[in-house]
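A.B. asks: Have a look at this one before I ask anything.
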Amino acid sequence: MGLPRIAVLTGAGVSAASGIPTFRDAAGGLWRQHRAEDLATPQAFARAPKLVWEFYDHRRQRIAGCRPNPAHAILAEMDTRLPDFTLVTQNIDGLHLQAGSRRVLHLHGNIWQIKCVFCDYRQENRQVPLSPLPPRCPECGDLLRPDVVWFGETLPWAELQQAARAFERADLALVVGTSAVVYPAAELPFYTRHRGGEILEFNTEATPLSPHATSWFGPSAETLPRWWAQFCAEQGLARG
Ligand code: NAD
């Protein structure tokens, strides 16, 4: 028998050990008297694009100082070692790519990508701090915005379809550092289970997914490398 097909869903918890706060950790904190949830909306951007960009510029500066942790590294290793492997993330921090994962399905976009609100213009942009704010489209002159999915916006359809197909055919669904409450992402591991596959959860605490999964409780920077070492030993897979 070949190696199991694996699909992975990651959330903010996978980046916690890199120093990026999860939503819940950040919930008590305000940025200039605003809640993050109130700035990450199309309405906020239409009302105050400079303010929203200052918030994202602040986040970009914070993330620019963060490095991938061992959980990101293991997922990048899995990408090179497994013939059928898909990594899906809700994170916008870009740390999976930085760790060396070759292909990542970003369900909520990427903070290092910016796009025009009007035309098809898109660019990778790593300038920190970004100036002037708000940036303007070099093609049409309209506003550029972060290429992330804001509250009230739909997820990118192509990425979601590819993610759904990967979880449907997977033997193992790994769910790492996500509260498993934000739909439709939270639904993905159930596609694996409905086809007879297994769900493994890596989280510091129980989530609504836990009753349906085998849970590895603890920081994913520790539990994921432990699980992977065990998996490699069981499968007779040499470490890269
Ligand atoms: P969430 O904040 O709702 O949940 C994070 C989960 O990670 C929780 O279940 C928590 O128990 C767990 N966790 C915390 N520390 C952990 C650790 N060290 N190891 C393992 N698990 C740990 O985040 P979510 O589920 O990703 O969903 C909320 C939304 O917030 C997403 O849409 C995401 O795009 C966005 N977000 C992204 C980032 C990022 O890009 N790094 C950061 C914050 C929020």
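The values are calculated or read from the model by the stated rules, or taken from the named source; none is laboratory data. Quantities reported herein were computed from a predicted structural model and do not represent experimental measurements. Don't worry about glycine lacking a Cβ; one is built from the backbone with ideal geometry, like all the others, and counts go over all protein chains shown.
A.B. asks: Across the stretch 82-111, which residue is farthest from LEU237 (Cα to Cα) among those that are assigned to a strand (DSSP E or B) and either within 11 Å of the ligand (Cβ to nearest atom) or out of contact with any strand residue (DSSP E or B) (no Cβ under 6 Å at 6 or more places or on another chain) (or both)?
C.D. replies: Selected residue: ILE111.
A.B. asks: Could you check the stretch 57-81 and list, in sequence order, the residues that are in a helix (DSSP H, G or I) and either among the small types (Gly, Ala, Ser) or within 12 Å of the ligand (Cβ to nearest atom) (or both)? Steps first, please.
C.D. replies: Just the residues of the stretch 57-81 that are in a helix (DSSP H, G or I), to begin with: 57-64, 70-81.
Correct list: ARG59, ARG60, ARG62, ILE63, ALA64, PRO70, ALA71, HIS72, ALA73, ALA76.
A.B. asks: Scan (1) surrounded by 21 or more Cβ atoms within 10 Å (Cβ to Cβ); (2) away from the ligand (no atom under 11 Å from the Cβ); (3) without any contact (Cβ under 8 Å) to a residue 40 or more places away in the chain; (4) not assigned by TED's automatic domain parsing to the domain that holds SER131 for the single condition LEU39 breaks and write down its number.
C.D. replies: (4)
A.B. asks: Can you tell which of LEU237, LEU130 is surrounded by 13 or more Cβ atoms within 10 Å (Cβ to Cβ), away from the ligand (no atom under 16 Å from the Cβ) and modelled with pLDDT under 95? Reasoning before the result, please.
C.D. replies: On the way: LEU130 fails: modelled with pLDDT under 95.
Checking each option against the conditions leaves just LEU237.
A.B. asks: Give the residues of the stretch 154-202 that are more than 15 Å from the chain's Cα centre (by Cα), in a strand (DSSP E or B) and touching a residue at least 40 places away in the same chain (Cβ under 8 Å), sorted by residue number.
C.D. replies: If the condition is that a residue be more than 15 Å from the chain's Cα centre (by Cα), in a strand (DSSP E or B) and touching a residue at least 40 places away in the same chain (Cβ under 8 Å), then LEU172, ALA173 are the ones that fit.
A.B. asks: Give just the number: which of (1) without any contact (Cβ under 8 Å) to a residue 12 or more places away in the chain; (2) within 14 Å of THR10 (Cβ to Cβ); (3) of a type outside the set (Val, Ile, Thr) does LEU209 not satisfy?
C.D. replies: (1)
A.B. asks: Need the failing condition index for PRO219 against (1) away from the ligand (no atom under 13 Å from the Cβ); (2) touching a residue at least 40 places away in the same chain (Cβ under 8 Å), just the number.
C.D. replies: (1)
A.B. asks: Moving on. What are the residues in the stretch 190-230 that are within 14 Å of PRO4 (Cα to Cα) and surrounded by 19 or more Cβ atoms within 10 Å (Cβ to Cβ), if any?
C.D. replies: THR192, GLY197, ILE199, LEU200, TRP228
A.B. asks: If you don't mind, there's one more thing I want to ask. In the set ARG103, ARG47, ARG67, which member is within 13 Å of the chain's Cα centre (by Cα) and surrounded by fewer than 15 Cβ atoms within 10 Å (Cβ to Cβ)? First the steps, then the outcome.
C.D. replies: Working: ARG47 fails: within 13 Å of the chain's Cα centre (by Cα); ARG67 fails: within 13 Å of the chain's Cα centre (by Cα).
So the residue among ARG103, ARG47, ARG67 that is within 13 Å of the chain's Cα centre (by Cα) and surrounded by fewer than 15 Cβ atoms within 10 Å (Cβ to Cβ) is ARG103.
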